[in-house]
1. Can you flag which of LYS171/LYS216; LYS36/LYS175; LYS160/LYS219; LYS140/LYS175; LYS38/LYS100 are past 24 Å Cα-Cα?
2. May I ask you to list the trypsin sites (Lys or Arg not before Pro) in segment 222-251 that are in a DSSP loop and have at most 16 other Cβ atoms within 10 Å of their Cβ?
3. Along the Cα→Cβ direction, 7 angstrom out, place labels at ASN57 and LYS215. What is the inter-label distance in nm?
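Just so you know, all these numbers are worked out from the coordinates, no wet-lab data involved. Since we're looking at a predicted model, the values are computed, not measured. Backbone-built Cβ (ideal geometry, glycine too); neighbour counts: all protein chains shown.
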Amino acid sequence: MKEIRPKFSKVIFLCCLSIYLSACSFGSRMVHVTNKDKFENPYISFNAPTKNWRIYNRKWRIGTNNNRFYKTIFNDSLSNGSLEIEVTSKPTNSIVYFNKDFDYHKMWERMNKDPREIERNREQNITYDEAEVTYYRGMKCTNSVFSRGYGGDMYSASSKNYLLSCGYYHKTEGKRLIVVSYRYYGASGVSRLQEEAGKKATDIPPLSEAERVLKKDLKEVLDSIVLKDVDWDRMNREGLLYDKSYKTIRW
């Protein structure tokens, strides 16, 4: 089930925090990109959003057996935080996306009632955790989100972490998964106001603005994605194609 609902570890959070806090010092090493910039590997391609996004380099991170590809883009234009979108293509053994009768909602409800899951959320300070089924390019997908708080009296921050996962058949390699994770992180509460002292309250963008920008730019990425060598005939024969369009997650 890890492919369905992976939790971002403390290590990943610290990496994101490090990127956010050092944005100024690393800024000169990053490259600005626009929707004219395409990122491509043997399985997938996509374009960056229109403006305010940057990358460290144009290479994809490559995983096991050279068939797992990861590409991350960053946006630190908001004064109170940072945004991140990561596109991943990898093989999968999950049955969730390849069984037309699989009931994802029942599985999600069962997981949320698991005492181990409840305890893990408490330990990681996850304030809420939601998911729903959506559709993308005719594929049935899962879209999930969890929110987490950090810090204490001296500094408080929050993040919202989303995950869109869709399964498809590759013509020669079988089951593959496209995963688009997108998240924002920013100061919140009193610490946010202290951090931006000297600005009028109306000049400080709320965290809801970060969420709006993130979802808008994500839509640009999704519209640009090209999946290579998809076995659409097999998908259709097995009842895995749906005449439904993508909808932005409710939360």
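1. LYS171/LYS216; LYS36/LYS175; LYS38/LYS100
2. LYS228, LYS244, LYS247, ARG250
3. Between ASN57 and LYS215, the label points sit 3.6 nm apart.
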